[in-house]
Amino acid sequence: MNILVVGSGGREHVICSCAAKSKKTDKLYCVPGNAGIAQVAECAPIGAMEFDKITVFAKEKEIDLVIVGMDDPLVGGLVDELEAAGIRAFGPRKNAAILEGSKAFSKDLMKKYHIPTAAYENFTDAKEALEYLETAKFPIVLKADGLALGKGVLICNNLEEAKDGVKTIMMDKKFGSAGNEMVIEEFMTGREVSVLSFVDGTTIKTMTSAQDHKRAGDGDTGLNTGGMGTFSPSPFYTKEVDEFCKKYIYQPTVDAMKAEGRAFKGVIFFGLMLTEEGPKVLEYNARFGDPEAQVVLPRMKNDLIEVAEACIDGTLDQVDLQFEDNAAVCVVLASEGYPVAYEKGIPIYGLEEFDKQEGYYCFHAGTKLDGEQFVTSGGRVLGITAKGADLKEARANAYAATEWVQFENKYMRHDIGKAIDEA
Ligand code: AMP
Ligand code: GLY
């Protein structure tokens, strides 16, 4: 089969690595890709939102399957466009990707189908939101309804902060049209776990659990980022938690989407909070997490293309999804100053080491080639990933491998997976 992956980050690099290994793959393409992806796939300079160009490219290259990695094209309806042109695509259609594309939609869905989540209200009017806040309990959480690069969530400790938050989201439109509507929800406490799953419209099969580290600095300080590192599995995701989630969260979500006429095919990412009252949904995403995919997919024993096809064909019930009984840790190497301002174009050295070692991976996120030389081209540059027999070994291996790579403004967190010590 000829496969095309859409996206340009570390997630798409790991997806391409899996696709390259599949016995079903003849030729692998990626748009727009990055310098690391270009080592395993043929990349073309087409943006992920250039639907017409992607469709023409897919026809021209006789693509049998498109895998859409990123949220924006999914929410924008790329899968629908490809299908309309007769091209098979893995990922939810627009009417199902709304599960991630609108937080107000997903909260209403959870309420209607009794799926555990934080109490909330939706607002389309800033004045009403402000009135509601006058009698609310703090801290409280404000969320822009639409996609906001993972930055549209504000945790407010008091009324003043919350009023500023409403202004930021709904009046100043800091997150653009994502802030036309807003969710105000109860603040929850507990451990966060990410669970990714394959879904074929009816059947859901969950992957091994993971945990992300969203803040820029050690000890969960600093600004929110796209994710500074992950580990998998989460020791806090016990068998009991899994059983509860299967019964009250995972299958009910898939059934709810089907009942709404929005059958979901692709990956549902459950962002969970393990609260004292039990697991609750923080958010849904309609795709693999980044950098969750970097620790989950290398541990998957199945052929990714076979699983993707089963999701499209509605035969996921026949797939025996299996993961290695080990662990993986991913430490993101970022450019100093991320997520605000940082220099790009800086030469990266030491990448050849990863070709020599089994169980170590260097997934590229923001890199490009300057002649023959890899240089930085983004905030998150590389996702250094290693496996180990257990989490502690995987963490030690991943941090050892971060030393193999040098670039001038290299920045990373030093406490990825520290929570493991408390388990
Ligand atoms: P989200 O994009 O919805 O996952 O939110 C980003 C981050 O904000 C989450 O990973 C949590 O750390 C935090 N968060 C979101 N909603 C809540 C909530 N209701 N209570 C506490 N923290 C939250
Ligand atoms: N790592 C969080 C996300 O992909 O949304």
Next item on the list: Could you check how many residues of region 201-231 are of a type outside the set (V, I, T), away from ligand 2 (no atom under 13 Å from the Cβ) and more than 24 Å from K387 (Cβ to Cβ)?
Entry: 7
Checklist line | Single match in E100, E81 (criterion: of a type in the set (D, E), within 30 Å of P252 (Cα to Cα) and within 16 Å of ligand 2 (Cβ to nearest atom)) | finding: E100
Next item on the list: Determine if region 152-160 includes at least one residue that is acidic (D, E), in contact with a helix residue (DSSP H, G or I) (Cβ under 9 Å, 6 or more places away or on another chain) and assigned to a helix (DSSP H, G or I).
Entry: no
Notebook entry, point to check: Out of the residues in region 286-316 that are within 16 Å of ligand 2 (Cβ to nearest atom) and in contact with a Leu (Cβ under 8 Å, 6 or more places away or on another chain), which is nearest to S102 (Cα to Cα)?
Noted result: A286
Note to self: Can you tell me which residue is farthest from V56 (Cα to Cα) among those in region 84-97 that are of a type outside the set (D, E, K, R) and surrounded by fewer than 23 Cβ atoms within 10 Å (Cβ to Cβ)?
What the structure shows: N95
Notebook entry, point to check: For region 179-201, how many residues are away from ligand 1 (no atom under 13 Å from the Cβ), part of a strand (DSSP E or B) and charged (D, E, K, R)?
Noted result: 1
Notebook entry, point to check: If you go through region 279-297, how many residues are in contact with a helix residue (DSSP H, G or I) (Cβ under 6 Å, 6 or more places away or on another chain) and of a type in the set (G, A, S)?
Noted result: 2
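Go through region 258-281 and count every residue that is within 15 Å of ligand 1 (Cβ to nearest atom) and crowded, with 19+ Cβ neighbours inside 10 Å.
Total meeting the criteria: 9.
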Next item on the list: Could you tell me whether K344 is within 16 Å of N34 (Cβ to Cβ), in a strand (DSSP E or B) and out of contact with any Cys (no Cβ under 7 Å at 6 or more places or on another chain)?
Entry: no
Notebook entry, point to check: Would you say K387 is in contact with a Pro (Cβ under 7 Å, 6 or more places away or on another chain), touching a residue at least 24 places away in the same chain (Cβ under 8 Å) and outside any loop (DSSP other than H, G, I, E, B)?
Noted result: yes
Next item on the list: Provide a single number: the residues in region 134-146 that are near ligand 1 (Cβ under 10 Å from one of its atoms) and either modelled with pLDDT under 95 or crowded, with 17+ Cβ neighbours inside 10 Å (or both).
Entry: 5
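When you check K163 against the structure, is it among the charged types (D, E, K, R), farther than 24 Å from L4 by Cβ and crowded, with 17+ Cβ neighbours inside 10 Å, yes or no?
Judged against the criteria, K163 is not a match.
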Item checked: Flag for D415 being touching a residue at least 60 places away in the same chain (Cβ under 8 Å) and closer than 27 Å to L149 by Cβ -> yes
Next item on the list: Just name the residue that is surrounded by the most Cβ atoms within 10 Å (Cβ to Cβ) out of those in region 343-394 that are hydrophobic (A, V, I, L, M, F, W, C) and farther than 20 Å from D212 by Cβ.
Entry: F374
Margin query: Need pairs with beta-carbon distance below 8 Å; first residue among the polar types (S, T, N, Q) and within region 219-247, second more than 16 Å from ligand 2 (Cβ to nearest atom); sequence gap 6+ or separate chains.
Written below: S232/R299; S232/A327
Next item on the list: Output the residues belonging to region 349-365 that are closer than 10 Å to I384 by Cβ and outside any helix (DSSP H, G or I).
Entry: Y360, Y361, C362, F363
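The values are calculated or read from the model by the stated rules, or taken from the named source; none is laboratory data. Just so it is clear, the model here is predicted, and its values are computed rather than measured. Cβ sites come from the backbone with ideal geometry, for glycine too, and all protein chains shown count toward neighbours.
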